[in-house]
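**Student:** If you scroll down you'll find the structure; I have some questions about it.
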Amino acid sequence: MANVLYLSYDGMTDPLGQSQVLPYLKELSKKGHLIHLVSFEKNEVFDKNKTAIADYCEKNGITWHPQSYTKKPPLLSTVKDIRKMQQLAFSLHAEYAFDIVHCRSYMAALVGLKLKKKKGLSFLFDMRGFWADERIEGGIWKMSNPIFKLAYGYFKRKELQFFNHADHIVSLTQKGKEEFTNWPALKHKSLSVSVIPCCVDLSLFDPAYVNPHQLRNLKRALNIQKDDFILGYVGSIGTWYMLDEMLIYFAALKKARPSAKFLFVTKEQPSNIIEMAQKHGVIKKDLLFASTTHAFVPLHIALFDFSIFFIRPSFSKKASSPTKQGEIMAMGVPVICNSGVGDTDEIVLKYKAGVVLSSTNSEDFIVNLNKDNYDKSRLIAGAKDYFSLEKGANAYHEIYKSLAQGKTL
């Protein structure tokens, strides 16, 4: 089996690391791969969660090398962190002689490419999306700022190098793969590419394991009445999620279904959402809020009649796979989403898993929602077919085996 150095600029004490890195590595370790994990941890969550994550890694045969994430100043702090990652990566390789460097996104790939060129490691570019374009389209980098403009140009040049030199590439979406494999600089190359979406731990996201007593207590705590219709949102509300449009949708839904309430399962401040909701005629008492750990997200999703997420479509979102989509489907809850984001709409339509809106620009929405029109078992089967962590881990397992043997898939 393979001896792997996994590089991530995302932290394992963050929810993302707990849902989209550690479960895969646990399964890959069980298959016999030796894994050293380097991640960059934010102090505020590291202090709170480091013991639990360290125990998890030790229990599952993952050797964890957490590093401190530097936040400020922008760009310069990142340069500092990448130098630290590179120094540690080369030092670890000198000690453990890795076969593969598995790079989660572009920051890690900067180091992985150097390890390939200087030490001959197989370079797995797990792209996670068009990162530089996300910075521009999300307004994080302003092209009017010459420093950010230079950074964008630099990463777009490096991006081509990552694709050109990677021994294998993982894309979250088929649409993302179709995009970059047709670029003029790459279309005539024989790239080795796998599509692996953001998968779901189906042993956690399983309605059969929801405790009825806990569910009743949660309903009571949130003051959810028997006849309430719960529209649910789960996760952060940041750059890409269209909160205004989701609130407009809820306002239209509320007119058609007076018993509707909007439950946000998020760590965001309720006051920010309440203030925005009031602009759209949504009153505070129709909004519910819950903050929870990843382990209890399935219990909260079990409260939903429908779940909603609107994501701003853009070029970079061709390569986006919303983690929440698989989690929601796995719980048998139909989704309401917009079109034009990765493979999301095709998945919803293929598995008859909800409603895809072609536009979110008006109040003329589909509001006659009937949960009984959706077969819960079909949604769960769809999640198992498309988003299964077992399938995702098996795909990485085959990639690791082929790279360790010097082959291409």
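**Student:** Where a ≥ b ≥ c are the square roots of the eigenvalues of the C-alpha gyration tensor, would you call segment 207-386 rounded, which needs a/c under 1.5, or, failing that, prolate if a/b is larger than b/c, or oblate?
**Tutor:** Since a/c stays below 1.5, the shape of segment 207-386 is classed as rounded.
**Student:** Same structure, new question: Between P322, P15, P258, find the one with the highest GNM mean-square fluctuation for the chain; connect C-alpha pairs within less than 10 Å.
**Tutor:** Looking only at P322, P15, P258, the biggest GNM fluctuation is shown by P258.
**Student:** Another question, then. Helix 212-222 versus the longest principal axis of the chain: what is the Cα-based angle in degrees, 0 to 90, to the nearest 10?
**Tutor:** 70
**Student:** Send over the semi-axes of segment 55-108's equivalent ellipsoid, whole angstrom and largest first, taken as the square roots of 5 times the C-alpha gyration tensor eigenvalues.
**Tutor:** Working: eigenvalues 105, 45, 21 Å².
Equivalent-ellipsoid dimensions as semi-axes: 23, 15, 10 Å.
**Student:** Evaluate 2.2 N^0.38 Å with N set to the residue count of segment 95-138, then give the Cα radius of gyration divided by it.
**Tutor:** Here the answer is 1.32, to two decimals.
**Student:** Angle check, please: helix 76-96 long axis (alpha carbons) against the longest principal axis of the chain (alpha carbons), in degrees 0 to 90, nearest 10.
**Tutor:** Tilt of helix 76-96: around 60 degrees.
**Student:** Per residue, how much space in cubic angstrom lies within the convex hull of the C-alpha atoms of the chain?
**Tutor:** 149
**Student:** Compute the separation of the alpha-carbon centres of segment 273-294 and segment 43-57 and state it in Å as a whole number.
**Tutor:** 30
**Student:** While we're looking at this one, here's another question. So in segment 207-386, what percent of DSSP beta bridges are antiparallel if you round to the nearest 5?
**Tutor:** Roughly 5 percent of the DSSP beta bridges within segment 207-386 come out antiparallel.
**Student:** Can I ask one more? Which number comes out as Rg/Rh for segment 154-262 once both Rg and the Kirkwood Rh are worked out on C-alpha atoms?
**Tutor:** Ratio value, two decimals: 1.18.
**Student:** My understanding is that a pair violates if its Cα-Cα distance is over 23 Å; which of K149/K324; K226/K376; K117/K158; K142/K189 do that in this structure? List each step's numbers first, then the result.
**Tutor:** Details: K149/K324 32 Å; K226/K376 20 Å; K117/K158 14 Å; K142/K189 32 Å.
In this structure, K149/K324; K142/K189 lie more than 23 Å apart at Cα.
**Student:** Putting +1 on Lys and Arg Cβ atoms and -1 on Asp and Glu Cβ atoms, find which of T344, L247, S271 reaches farthest to the positive end of the dipole of segment 207-386.
**Tutor:** Value computed over the given set: S271.
**Student:** For a bin width of 5 Å, list the pair-distance distribution of segment 81-177 built from all Cα-Cα distances, rounded to whole %.
**Tutor:** Bins of 5 Å from zero give 2, 13, 22, 22, 18, 12, 7, 3, 1 percent of pairs.
**Student:** Now for a separate question. Subtract the Cα-Cα distance of M143 and Q225 from 0.36 nm times their separation in residues, and report this length gain in nm to one decimal.
**Tutor:** 24.6 nm
**Student:** Let me ask something else. Starting from the Cα gyration tensor of segment 287-349, take the square roots of the eigenvalues, sort them a ≥ b ≥ c, and report rounded, prolate or oblate (rounded when a/c is under 1.5, otherwise prolate if a/b is larger than b/c, else oblate).
**Tutor:** prolate
**Student:** Pairs K175/K219; K177/K254; K118/K156: which exceed 29 Å Cα-Cα?
**Tutor:** Checking Cα-Cα distances, K175/K219; K177/K254 exceed 29 Å.
**Student:** Also, I was wondering about something else. Give me the percent relative contact order of the chain, please, defined on Cα pairs under 8 angstrom at least 6 residues apart.
**Tutor:** RCO, the chain: 16 percent.
**Student:** On a straight-distance basis, which aspartates and glutamates could pair with K59 in a cross-link, Cα separation under 18 angstrom, same-chain partners fewer than 8 positions away excluded?
**Tutor:** E27, D201
**Student:** From the helices alone, meaning DSSP H stretches of at least four residues, give me the mean residue ellipticity at 222 nm for the chain, per-run term -39500 (n - 2.57), in deg cm²/dmol to the nearest 500. Intermediate results must be reported in sequence, preceding the final value.
**Tutor:** Details: 16 runs with 185 residues, N = 409.
Calculated at 222 nm, the ellipticity per residue is -14000 deg cm²/dmol.
**Student:** Ok, one more. Using a Cα-Cα cut-off of under 12 Å, which aspartates and glutamates could be cross-linked to K119, ignoring same-chain neighbours fewer than 8 residues away?
**Tutor:** Candidates past the 8-residue exclusion: D99.
**Student:** Moving on. Can you tell which of F229, L150, I196 lies farthest toward the positive end of the dipole of segment 135-242, using +1 and -1 charges on the Cβ of basic and acidic side chains (Lys, Arg; Asp, Glu)?
**Tutor:** The residue sitting most towards the positive pole is L150.
**Student:** Next question. Does segment 301-409 classify as rounded, prolate or oblate by the C-alpha gyration tensor (a ≥ b ≥ c root eigenvalues; a/c under 1.5 gives rounded; else a/b over b/c gives prolate, otherwise oblate)?
**Tutor:** Details: a/c = 3.21, a/b = 1.68, b/c = 1.91.
Since a/c reaches 1.5 but b/c is at least a/b, the shape of segment 301-409 is classed as oblate.
Bear in mind that the values in this text are calculations on the coordinates, not laboratory data. The model shown is predicted, which means the values in this text are computed figures rather than measured ones. Methodologically, a virtual Cβ is constructed for each residue, glycine included, from the backbone with ideal geometry; neighbour enumeration extends over all protein chains shown.
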